[in-house]
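Heads up: the structure comes next, in structure tokens.
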Amino acid sequence: MSISGDWYNEFGSHLRITTDPTGCIRGTYISATGHAVGARPLVGRYDTAAVPGHGTPLGRTVAWRNGRTDAGPVTRWNGQYHEDGGERISVTWLLTASASAANAWEATAVGRDIYTREPPSPEQAEQLLRHTGAPTDPHPVDELTPV
């Protein structure tokens, strides 16, 4: 199969990506949590020569603009695409917001997501949000506008 196509995380966030033979990833990301509205452009790379039987390393980035402050957060997802036992993309994400030098230590949040081809039902996503207490989708919780 191909990494290209539509992917959904456990909260229902939607990732649509296309790839090319040189290792480029382009696409859009629509968050299902927080206050982000609309699709955000993304760019990234993947390993075009992945070892058979192993995951394909990949990474992508979304730049966010926070409309209420001057913070311009950026999220980076790195992980692997796997085909064994069903397609999935497992990633660790880093969300880094603007901060003063004295507060740089608290400027980055870390989390994990698993993307599959099938979106969760609204009931599954809602139950997970209630169970975790807070969304783990990597974006600021106030209004976002693209950079």
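The values are calculated or read from the model by the stated rules, or taken from the named source; none is laboratory data. Bear in mind that the values here come from a model prediction, so they are computed numbers and not experimental data. Heads up, the Cβs are rebuilt from the backbone with ideal geometry, glycines too, and the neighbour counts pull from every protein chain shown. These area figures cover heavy atoms from the full protein model, side chains too; ligands, DNA and RNA do not enter into them. Shrake-Rupley method; radii C 1.70, N 1.55, O 1.52, S 1.80 Å.
Points to keep in mind about this one:
- Here Thr22 meets the list (1) at pLDDT 95 or above; (2) surrounded by 14 or more Cβ atoms within 10 Å (Cβ to Cβ) almost entirely, failing just condition (2).
- Output for segment 7-40, where each listed residue is of a type outside the set (Lys, Arg), farther than 21 Å from Gly111 by Cβ and assigned to a strand (DSSP E or B): Thr18, Thr19, Cys24
- When residues of segment 91-113 are limited to those that are part of a helix (DSSP H, G or I) and open to solvent by less than 70 Å² (accessible area, probe 1.4 Å), the one farthest from Val62 (Cα to Cα): Asn103
- Inter-residue pairs, beta-carbon under 7 Å, first modelled with pLDDT under 90 and in segment 114-135, second open to solvent by less than 50 Å² (accessible area, probe 1.4 Å) and outside any loop (DSSP other than H, G, I, E, B), 6+ apart: Pro120/Tyr8; Pro135/Leu129
- Residues in segment 27-60 that are more than 19 Å from Gln80 (Cβ to Cβ) and charged (D, E, K, R): Arg40 only.
- Members of segment 1-44 that are among the basic types (Lys, Arg) and farther than 18 Å from Asn78 by Cβ: Arg16
- Test for Thr33: is it at pLDDT below 95, exposed (fewer than 15 other Cβ atoms within 10 Å of the Cβ) and either under 25 Å from Pro122 (Cα atoms) or out of contact with any helix residue (DSSP H, G or I) (no Cβ under 8 Å at 6 or more places or on another chain) (or both): no
- Verdict on Gly53 being over 27 Å from Leu129 (Cβ atoms) and small (Gly, Ala, Ser): yes
- Leading residue by the ranking (least open to solvent (accessible area, probe 1.4 Å)) among those in segment 43-60 that are at pLDDT below 95 and aliphatic (A, V, I, L, M): Ala50
- Every residue from segment 4-19 that is open to solvent by 20 Å² or more (accessible area, probe 1.4 Å) and either farther than 26 Å from Pro120 by Cα or under 14 Å from the mean Cα position of the chain (by Cα) (or both): Asp6, Tyr8, Glu10, Gly12, His14, Arg16
- Selection of first residues in segment 4-17 that are among the small types (Gly, Ala, Ser) and of second residues that are part of a loop (DSSP other than H, G, I, E, B), restricted to Cβ pairs under 6 Å at least 6 apart or on distinct chains, gives the following pairs, ordered by first then second residue: Gly12/Ala32; Gly12/Pro119; Gly12/Pro120; Ser13/Ser31; Ser13/Ala32; Ser13/Asp137.
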